[in-house]
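These notes concern the structure reproduced below.
No lab work stands behind these numbers, since they all come straight from the coordinates. Quick caveat, the model's predicted, so the values are computed rather than measured. All Cβ positions, even for glycine, are placed from backbone atoms using ideal geometry, and neighbour counts span all protein chains on display.
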Amino acid sequence: MVQWLSGLGKKADHPMYNVEAAQQILGDLPPDDIKALDEISENLETITATPDFPLVDRIGVVKLVDETGQVKAAALLKRFLREIRLKEFERRTLWQGLVDFWKNVSHSYRACLPELEQARKPGAPPHPEHHLIVARALRALATEGKLRQMRYLQIQPRIWEELATLYAAAEKDNYVADVIKAYPTDLLPTNVRQEFLRLLMMDVAAPDSAPLTELELSARVVGRMSAGFVLHGAPDESCRFHSISRTPAAPGDGELTARRARRCAISVSAVPVPSSRKSSIVTPRIPRSPRNVSAMTIPSPRKWWC
């Protein structure tokens with residue numbers, strides 16, 4: 001706590017050195033949403049790269065810039081989904097701006113985590129903002145992955161790895177189920193497990209050829225129903241989808257062989273569990289033909305393999 005308080009009098013070498021300065025700069029954003037979001041992304045990138053940011057200021061500024069950028073991002077996503085007369089280069093420009101924003105949001109939040117751990121004394125409880133930062137970073141990664149699905153592109157191994165790294169740390173410290181409200185505008189609370197499952201379950205839905213509006217609707221349904229999905233740390237025959245902790249890739253479908261089960265890190269159910277049966281396992285009613293995806297690296301300090 002003393003180390004954290006010692007940074008209160010410092011000032012970072014950045015125009016957005018605290019929340020008040022960031023508010024002034026964000027008040028002068030260009031009226032064009034594309035240009036505004038580009039500026040916001042650049043600010044997030046430079047904030048992350050600036051050393052010696054007092055922790056309380058870094059967290060406050062990143063949260064403010066993130067929340068401001070989401071208003072612009074929502075407007076651009078609406079255009080991307082609904083304006084059918086957009087030229088290809090215009091659609092690509094919209095998409096790239098959204099991807100860059102969410103990538104920088106995740107990176108900015110994840111940059112806060114080592115500083116939080118450094119400031120935390122042994123045996124002390126986590127920083128009050130810690131779980132919120134992890135949940136927001138996971139959601140940003142999931143949104144970045146969803147945007148790649150909207151261009152019918154493979155989700156990069158980097159995204160799977162970063163998701164897994166965050167979840168592994170959360171499970172190690174036993175806060176994956178702690179209830180939080182990720183954003184003031186969210187209608188429902190969430191937790192780290194639910195945010196981790198967003199992109200996994202979207203990939204399980206196999207959105208390889210769905211229209212853009214259906215992809216966005218699926219993502220919203222998954223986000224709303226994520227509390228009902230089952231997640232196991234060991235292979236389970238009643239959970240059809242699984243991730244192998246070797247090669248970073250998407251969750252795979254199919255029967256677990258004995259050899260593969262020995263390397264299994266996560267099993268997930270593809271069907272939401274009714275609210276009255278959330279402690280039980282539901283076997284998904286899906287085709288039994290396997291998909292040609294197999295694994296996701298789980299760089300965890302503990303052994304998840306069974």
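How do Tyr152, Tyr175 rank when sorted from fewest to most other Cβ atoms within 10 Å of their own Cβ?
Tyr152, Tyr175
HN-Hα J couplings of region 39-50 from phi, Karplus 6.51/-1.76/1.60, θ = phi - 60°, integer Hz, Gly and Pro as x?
5, 5, 4, 5, 5, 4, 4, 6, 4, 4, 7, 7
Taking region 2-228 as the region of interest, what is the percent of Cα-Cα pairs per 10 angstrom bin, listed from the shortest bin to the one with the maximum distance?
Values per bin, smallest distances first: 7, 32, 36, 20, 5, 0.
Under 15 Å from a label point 7 Å along Cα→Cβ of Asp28: give me every residue in region 39-68 with its amide N that close.
Within reach of a label on Asp28, which here means backbone N under 15 Å from a point 7 Å along Cα→Cβ, region 39-68 contributes 39-40, 43.
Arranged from highest to lowest average of other beta-carbon atoms within 10 Å per residue, in what order do the peptides 222-231, 189-198 appear? Before the final figure, lay out the partial values.
On the way: 222-231: 19.6, 189-198: 23.2.
So the order, starting with the most tightly packed, is 189-198, 222-231.
What's the exposure ranking of Trp95, Trp160, going from fewest to most Cβ atoms within 10 Å?
Placing the least packed residue first, the sequence is Trp95, Trp160.
Under the Karplus relation 6.51 cos²θ - 1.76 cosθ + 1.60, θ = phi - 60°, what is the ordered set of whole-Hz ³J(HN,Hα) values for region 127-138, x standing for Gly and Pro?
For region 127-138, the Karplus-derived couplings read 4, x, 8, 4, 5, 4, 4, 5, 4, 5, 5, 5 Hz, x marking Gly and Pro.
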